[in-house]
Amino acid sequence: MDDTTTISGAATSNDKQDYPLVFLHGITRRFTQGDATVDVLRGAELAIWPGQSVALIAPSGSGKSTLLHIAGLLEHPDAGEVYIDGEPTTNLNDLQRTRIRRNDIGFVYQFHHLLSEFSAEENVMLPQMVRGFSRTAASTRAVELLSYLGLKERLTHRPAELSGGEQQRVAIARAVANAPRILLADEPTGNLDVHTAEHVFGALRQLVRASGLAAVIATHNLDIAAQMDRRVTIRDGAVVELE
Ligand code: ADP
Ligand code: MG
């Protein structure tokens, strides 16, 4: 990985901002399946500040994905408010939510979800072109990001021609292609071996520091979590600070 590479167009760090980039307030979410109801989140509170990386460590089924989907405006909570950059989002329409997701939020899934018929470079270009950037500009940034993540020699490879760790690094590059201010990653290294996970995570952490992103990363890997700014868990439907 090249430490000296600068990332043009990346979100700039703003330490002076006095409100969180993401603020989950009183978040409640209940699922009903047949006769059973599960209160997954019961008044969860979480504030994430610019440039801050937060590890979300909690057992399977405790609500990590639910929390991340709500923070990423992919799902609505039953009650509570999601503030993005200080603004409440409950009353936004679908188009406005989509715009925030596209411009301000990057999401990395456990499985990469790359488009199989496109190259690594094209996968990172596409979200930029959807946003209206020219092919040339999108390509320049894609090459820059992929090189930063150590994939300079893999630009023209399709997902099937990449290793699991390489695929996840392309997925990370795609998630930050539009210079979001918030990165949400749902067990991004969950399917990778320990060594590869370490490598992918190193790339992710470096990117967060370099770009002033706020990041929440769900993980079971305690070594990885130890390297983040904060660690939280979900206990009885609430977000609880660890340590
Ligand atoms: P985690 O990501 O920590 O494993 P999830 O957020 O995926 O946890 O799920 C938390 C709980 O909510 C689990 O018991 C799960 O079965 C339930 N759940 C999640 N999504 C749904 C859904 N769409 N319908 C019904 N139950 C759900
Ligand atoms: Mg999950």
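The values are calculated or read from the model by the stated rules, or taken from the named source; none is laboratory data. Treat the numbers as computed from the prediction; the structure is a model and nothing was measured. A quick note on method: Cβ atoms are made from the backbone with ideal geometry, for glycine too, and the neighbour counts reach across all protein chains shown.
Pairing residues of region 159-178 that are within 22 Å of Thr136 (Cβ to Cβ) with residues that are small (Gly, Ala, Ser) and not in a loop (DSSP other than H, G, I, E, B), at Cβ distances under 6 Å and at least 6 apart in sequence or on separate chains, gives Val170/Ala120; Ala175/Gly106; Val176/Gly106.
With a cut-off of at least 3 residues that are surrounded by 15 or more Cβ atoms within 10 Å (Cβ to Cβ) and charged (D, E, K, R), name the strands (runs of 3 or more DSSP E) lying wholly within region 192-243. Qualifying strands (runs of 3 or more DSSP E): none found. Consider region 119-134 and keep the residues that are assigned to a helix (DSSP H, G or I) and hydrophobic (A, V, I, L, M, F, W, C). The one that is nearest to Gln96 (Cα to Cα) is Val130.
Every condition in (1) hydrophobic (A, V, I, L, M, F, W, C); (2) free of Cβ contacts under 8 Å to residues at least 60 places away in the same chain; (3) within 16 Å of ligand 1 (Cβ to nearest atom) is met by Ala238 except one, and the failing one is (2). Residues in region 46-71 that are at positive phi and surrounded by 14 or more Cβ atoms within 10 Å (Cβ to Cβ) were compared, and the one that is nearest to ligand 2 (Cβ to nearest atom) is Gly63.
Among the criteria (1) within 18 Å of Phe23 (Cα to Cα); (2) modelled with pLDDT of 95 or more; (3) away from ligand 1 (no atom under 16 Å from the Cβ), the one Glu122 does not fulfil is (1). Could you please let me know if Leu74 is within 15 Å of ligand 2 (Cβ to nearest atom) and touching a strand residue (DSSP E or B) at 6+ places or on another chain (Cβ under 7 Å)? No; evaluated as a whole, the condition is false for this residue. Residues in region 41-96 that are among the aliphatic types (A, V, I, L, M), in a loop (DSSP other than H, G, I, E, B) and either free of Cβ contacts under 8 Å to residues at least 24 places away in the same chain or more than 12 Å from ligand 1 (Cβ to nearest atom) (or both): Leu73, Leu92.
Going by the conditions given, is Glu121 crowded, with 16+ Cβ neighbours inside 10 Å and in contact (Cβ under 8 Å) with a residue 24 or more places away in the chain? Yes, satisfied.
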